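One structure is given here, and the rest of the page talks about it.
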């Protein structure tokens, strides 16, 4: 069976990893999770290199999903998670 998605669980959330495209139409590994009904998705682009995408997908493990999930511990919504990822602080606004 040719897989296109993997679902991981860790740090209180589900992490969905799937083969897809980014907004430019390039091959991309899409990594997403949900925050109170809002989806946060990251697209790691590989240009026109489908074999690189396949390798990244096949080698994505629970350990990598845990690193991703750990970043969002204590975040209650997508906006808080986005601010944490970008380093935006309340004092900076």
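The values are calculated or read from the model by the stated rules, or taken from the named source; none is laboratory data. Remember, predicted model here, so these are calculated numbers, not experimental data. In this analysis, Cβ positions are derived from the backbone assuming ideal geometry, glycine residues included, and neighbour counts consider all displayed protein chains.
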Counted residues, segment 59-93 - those being at pLDDT 95 or above and more than 15 Å from the chain's Cα centre (by Cα)
0
When every residue in segment 1-44 that is under 12 Å from the mean Cα position of the chain (by Cα) and free of Cβ contacts under 8 Å to residues at least 12 places away in the same chain is compared, the one farthest from residue 74 (Cα to Cα) is 7
Please list, ordered by first then second residue, the pairs with beta carbon atoms under 6 Å, 6 or more apart or interchain, first in segment 69-80 and in contact (Cβ under 8 Å) with a residue 24 or more places away in the chain, second outside any helix (DSSP H, G or I) and loosely packed, with under 13 Cβ neighbours inside 10 Å.
77/36; 78/38
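In segment 57-68, which residues are under 16 Å from residue 30 (Cβ atoms) and in a helix (DSSP H, G or I)? Show your work before the answer.
Let us first name the residues in segment 57-68 that are under 16 Å from residue 30 (Cβ atoms), namely 57-60, 64-65, 68.
Of everything in segment 57-68, those that are under 16 Å from residue 30 (Cβ atoms) and in a helix (DSSP H, G or I) turn out to be 57, 58, 59, 64, 65, 68.
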Consider residue 47 carefully, then state whether it is at pLDDT below 95 and either part of a loop (DSSP other than H, G, I, E, B) or under 15 Å from the mean Cα position of the chain (by Cα) (or both).
no
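Is it the case that some residue within segment 29-43 is part of a loop (DSSP other than H, G, I, E, B), surrounded by 13 or more Cβ atoms within 10 Å (Cβ to Cβ) and in contact with a strand residue (DSSP E or B) (Cβ under 8 Å, 6 or more places away or on another chain)? Can you show your working first?
So in segment 29-43, the residues part of a loop (DSSP other than H, G, I, E, B) come out as 36-37.
Keeping just the survivors that are surrounded by 13 or more Cβ atoms within 10 Å (Cβ to Cβ) gives none.
Among the residues of segment 29-43, not one is part of a loop (DSSP other than H, G, I, E, B), surrounded by 13 or more Cβ atoms within 10 Å (Cβ to Cβ) and in contact with a strand residue (DSSP E or B) (Cβ under 8 Å, 6 or more places away or on another chain), which makes the answer no.
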